[in-house]
Amino acid sequence: GTGADNDLYINQAIVFIEDAIQYRSINHRVDSKSLWLYRWYYSRTCQWILSLTITIILALAFIEKPSSLTVTSDVRYRLPAWNPPCGLTESIELLCFLVFVVDVSVKSYLIGWEEFWKNKWLMAYILTLIVSLTDWIVSLSFFCTENVRIRRILRPFFLLQNSSMMKKTLKSINSTLPEMASVVLLLAVHLSLFTMFAMLLFARTKDGQQDKEWVVYFRNLPESLTSLLVLLTTANNPDVMIPAYSKNRAYSIFFILFTVLGNLFLMNLLTAIIYNQFRGYLLKSVQSSLFRRRLGIRAAFEVLSSLKETPANAQQSYVSIGALLRVLQKVDMDFRCKQAIMRSLTTCSCDQLSAVQFQKLFEELDKDAIRQHPPSPEYQSHFMQKMQFAFGHPYFGYVGNVVALANIVSICVVLVMDADKQPSERDDYFLGAINCFFILYYLLEMLLKILAMGLKRYLSYPSNRFDGLLTVILLVLEIATFAVYKFPHPGWRPEFVGLLSLWDMVRLVNMLIVFRFLRIIPNMKFMALVVTTLLDLVKNLRAFAGILVVVFYTFALTGIMLFKGAVVPLGNIRYVGNRLSASWLFFNLCNLMVGVILYFKEKRDFMALSGHFQAEVTYCLLYLLSVNLICRWAKIYFVAWWLISSVIWVNLFVALLLENFIHKWDRRCHREPLSDIEYQRTVELMFRDVLEEPTEEELMEKLHQHPHLQLCR
C-alpha cells in the first residue's frame, strides 16, 4: 500500500544518509528487512562487539603456550610462566570464530550474492575462516601439542578486513611494487658488486695473523654478502671495518664508498620513490570518500522524491521539508550537524527542496567542527572585575610559564648537585622546600584562573584541564609526603615508610612537575602547530599504524613457530675468543608483552646473550647474521623482516606523514587564530579546498547501476 511504500522510502533515506555520514558504499539490499539488519549490523553495539572480538583473538598470543605472562622477559630472573590448559584458549578462539562467521554471513547477505562473488575480501574472509577452523580441529585432535598453528598467523587478517583504509593502503602498495622493486634490484646490484670487491680486497693471505677481516666477515660469498647487508643497516658499523682499518687506513675508503652509495643515495632514493607514488594517494582516497558521501545524499533525495506526497506532474524532482524532518529525527548523526540542518529547514521559506538545495543542506557534514567556549562570569563588584581582568589576561599565563621554568631550573640544579651522592648522603630539605613553594603557587594560579574564567570556561580548554589535573595530583602527593614524613627541615632523611620511600615520592613529584612544563606549548605558535598537527595525524592515520601492527604480529608468530626449540642447553655453550660458538644457535627471543617483535620462546632454562638485544632487536639480529650465529636459511626470515618493516613500510609511513604534515602546515599557517573557537579537523576536511565535486550525471549514472535500487524517476 501507499503507507508501506512511504515507510520504505523513509527507511531507505535514513540508511542512505547514514551511509553518507560514514562514507560507506550504498550498494546493499534496500528492502525493509535488509534495512533493519543493515542498521543493526552497523550499530555501535555490534561494531563494538566485532572490535572486541578482534582484540581478543589477537591478544590470545600473549597467554597461549609459550605464555608471555611474566613480569620480566629475562629468563635468568623470571619465574616459570603460566601456560593455559588445553581447551581454554581454544574455547575462546571458537567463540571468536563464531562471531566472525556471523559477521561474514551478514555482510554477504546484505550486499547480495552477485556482488559477493566480485568481492575478493569477503572470499578471502571465508577462506581464512575455513583454514582457521580446520587448524583448530587439528589442534584439538593432537591435544594442543602441535608446534605449527597456521591459524595464529592468519589472525591479523581479521583486523585488516575490518578497516576500509587498510584495504586501500594495501591496494596502493600493490600498485607501487614495480617502482619499489626497481630500487630494491638496484640495491641488490650494489650489494653484489661490493661483495665481489670485498672478497678480492680481503682475500686470504699467507700471513694468517693479518686475515682477521677475512676470518670474521668475508670468508665466503654468503658471509660477505651478509656482512655488507648488515652494514647497509649500520648495525655492524664500525665493527666490520676495524680489522681492515687496523691493518691499513686506506681500507676505510671501501666502507665509506659502500655506506655513502647505499645509505645516503639508494635508501633515500627508495624513500623518494615511495613518497612520489603516495603523494596523491590520500587525496584520491578522500576524493573517493567525497563521491560516496554525495552519492548517499543523492540516493536519499531520489527515494524521498518518490513519496506519494510529491506532485505527480512535477517537471523536476522535489522533496518536502516535512519528509526530510521525519528522516532527520531517526538518523544517527552528530548532534551539531543535525541541529544546524534543522535550523536551516525551519528558516527556509519554501515547502519543498530541489536536488541542489538538498545537497547543499547536507554540506554541513563537510564543515569544521567548531567548539565555542562558555562565556566568563559577569561580576557586579568593581574589585572583582579588576581581579577578573588581571587574572584572565594572557600575561598572567606568561608569568605562570616563567614560574614553571624556574621550577625546572631549580630541579636541574639539585639533580646536578646530588648526581654522585648516595641516597643516604642526600639532603632532601632544599628540594622538598622548593617543591612545596611551587606547588602552592600552582594551586593558587589554578584557583585564580577559575575565579576569572569560571569553572566551565576553565575546563573547556585542554591546556587548563592538563594543568589542573597535574596540580591536584601534585597537591595530593605533597600532602601524603607531609603526612608520612612531616614537614621538610635541614637533614631531612627519614627512613622508609609505607609504599614509597621519601626519595621515590620526591622523584615522582619532580617528574610530574617536568611533565607539567609542557603547558608552555600552546603559548608558542609554531611549537603548538607542530604538536597539534602530529596529534591530529596520529588520530587520523590510525589505519596506517594498524598495518604496522599486522606486520609485527605476523612476523612475531612466524618466528615463534620457526625457531621454537632452537636453543641448546646452557652446558653446550662454548666461547671462541669473543664470539659464541656456532653450537649456540639462538638466544631467548621475542616477548609479545613488551611489543618487540623477535624474541622466541623456549621451555628449557638458558641464558640470554645480553639485555641490549631486547632494546634494538632488528639491528641486533642483523648483526648476528654478520657473525654467523644464525644458520643460513634463518637469514631469509630476518632479511624479509628488514625489507618489509624497515625498508618498505617505514618509508611508506614516512611518506604519508610528510604529505599530511606539509598540507596541514600550509593550511594552519594561513588561518587566523580565533580566541574562543577551536577547530577539530579530520583527514577528509584537510583536502576540502582541492577536492572536485562530482557532477549530477556521474551521480545519476552510479545510482542507475545500483544492484538493488530501482529509481522511479
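Counted residue by residue at 0.36 nm each, then reduced by the alpha carbon distance between them, the extension gain from F383 to I242 reaches 43.2 nm. Solvent exposure of the stretch 1-128 amounts to 53 Å² per residue of accessible area, where only protein heavy atoms count and the probe is 1.4 Å.
Report the net charge of residues surrounding M342, where surrounding means a beta-carbon distance below 14 angstrom and charges are Lys +1, Arg +1, Asp -1, Glu -1. Mind showing how you got there, number by number?
Numbers: positive: R326, K330, R336, K338, R343; negative: D334, E364.
Neighbour charge sum, excluding M342 itself: +3.
Cβ-Cβ distance of T234 and L658, R₀ of 25 Å, FRET efficiency by 1/(1 + (r/R0)^6): the value works out to about 0.65.
Protection proxy ranking, highest mean first, for peptides 318-325, 269-276, 178-185: 318-325, 269-276, 178-185, where packing is the per-residue count of other beta-carbon atoms within 10 Å, averaged. If you take the alpha carbon atoms of the stretch 191-270 and fit the smallest convex hull around them, that volume is 80 Å³ per residue.
The residues W40, W117, W214, sorted by heavy-atom accessible surface at 1.4 Å with ligands and nucleic acids left out, run W117, W40, W214 from largest to smallest. In plain terms, the chain from K360 to I126 could stretch by 80.1 nm, reckoned as 0.36 nm per residue minus the Cα-Cα distance. Report, to the nearest whole %, how much of the accessible area of the stretch 191-270 belongs to carbon and sulfur atoms, 1.4 Å probe, protein only. Taking all protein chains in place, the stretch 191-270 shows 65 percent carbon and sulfur surface.
Each residue, M511 and D351, gets one label point 7 Å from its Cα in the Cβ direction; the gap between the two is 7.0 nm. Judged by the mean number of other Cβ atoms found within 10 Å, the most tightly packed of the peptides 246-258, 160-172 leads the ranking 160-172, 246-258. Checking the cross-link pairs K212/K635; K107/K564; K65/K168; K386/K456 against a 30 Å limit on the alpha carbon distance flags K107/K564; K65/K168 as lying beyond it.
With the simple model of a label 7 Å out from the Cα in the direction of the Cβ, L185 to W113 spans 4.5 nm. The Cβ shell under 14 Å around W136 holds other residues with a net charge of -1, Lys and Arg each +1, Asp and Glu each -1. Using the Karplus relation 6.51 cos²θ - 1.76 cosθ + 1.60 with θ = phi - 60°, the per-residue 3J(HN,Hα) values for the stretch 235-250 come to 5, 10, 9, x, 3, 5, 9, 4, x, 5, 5, 5, 7, 7, 4, 5 Hz, with x marking Gly and Pro.
Sort 375-383, 82-90 for me by packing, meaning the mean count of neighbouring Cβ atoms within 10 Å per residue, highest on top.
Numbers: 375-383: 10.4, 82-90: 14.3.
Taking the mean over residues of other Cβ atoms within 10 Å, the ranking is 82-90, 375-383.
The values are calculated or read from the model by the stated rules, or taken from the named source; none is laboratory data. These numbers were taken from a predicted model, which means no experiment stands behind them. Cβ sites come from the backbone with ideal geometry, for glycine too, and all protein chains shown count toward neighbours. What goes into the accessible areas is simple: the full protein's heavy atoms, side chains included, and nothing from ligands, DNA or RNA. Shrake-Rupley method; radii C 1.70, N 1.55, O 1.52, S 1.80 Å.
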